[in-house]
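Worksheet: the structure to be examined is printed underneath.
The values are calculated or read from the model by the stated rules, or taken from the named source; none is laboratory data. Note that this is a predicted model, so its numbers are computed, not measured. Note that we place each Cβ from the backbone using ideal geometry, even for glycine, and neighbour counts take in every protein chain shown.
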């Protein structure tokens, strides 16, 4: 075979490989887009819009200095018999959506609540299975899907009433930014400053989740505490959490508080898990 023929054969072979690789990635991109749209359509089909009331502008610049200057000493003001102090501003009450859980169960048979975080993509139903495997790869309507669901640990009580247990809620960290990927932002103090609370809605009560810590564990060698053995072990575990937390918070839980752990993969090392921890506070019971 002539050298020119060999050269042409090599060029044709390289071209064929490039075409095959391009076709593979184009197909993978189409599949990922299809799955993402399917998951998004499932949520949007509910016709539920959770729109919070206006709040202070969110801090989105990591270079901002959050230091508050000290309040200057008050100067003496002449007495005015007609002076009336300005009324205190009304507290900002979060918008609480009306969720018809009876209707939601027709689509999501295992729904136990709904979690929402303002300014992020976290706005999902919470489901609970008979194990911690099924909803890893099934949508809330039980359709097989690699996105899975946001789900509560099967050992927890669905109504958050197990006060001797911490509650764990899991979700995938999707590279597209979906599901619980936003939890990774809690490694930044500037993000925490603008997202200190989330909301959880259930059939019997609405809750505010006040975040106070975020840290990473190697799940192959350690795991957080599910059952509370007593105050001593609680505060020992809390001290460990605060020492490892990636954020600084003035919020401090007590043994009587209900803690919720939001858990996702870091996508850095296979067994690493990102844990975002908050105090669950009842902001209103629902008449049933």
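Can you spot a residue in segment 224-236 that is touching a helix residue (DSSP H, G or I) at 6+ places or on another chain (Cβ under 9 Å), crowded, with 18+ Cβ neighbours inside 10 Å and in contact (Cβ under 8 Å) with a residue 60 or more places away in the chain? Checked against the condition, which is being touching a helix residue (DSSP H, G or I) at 6+ places or on another chain (Cβ under 9 Å), crowded, with 18+ Cβ neighbours inside 10 Å and in contact (Cβ under 8 Å) with a residue 60 or more places away in the chain, segment 224-236 yields no hits at all. Tallying residues that are closer than 19 Å to residue 106 by Cα and out of contact with any strand residue (DSSP E or B) (no Cβ under 6 Å at 6 or more places or on another chain) within segment 116-133 yields 2.
If the condition is being surrounded by fewer than 19 Cβ atoms within 10 Å (Cβ to Cβ) and either free of Cβ contacts under 8 Å to residues at least 60 places away in the same chain or in contact with a helix residue (DSSP H, G or I) (Cβ under 7 Å, 6 or more places away or on another chain) (or both), then segment 162-188 contributes 162, 176, 177, 185. Against the test of being within 19 Å of the chain's Cα centre (by Cα), surrounded by fewer than 17 Cβ atoms within 10 Å (Cβ to Cβ), modelled with pLDDT of 90 or more and within 27 Å of residue 111 (Cα to Cα), the options 202, 264, 197 yield a single qualifying residue, 197.
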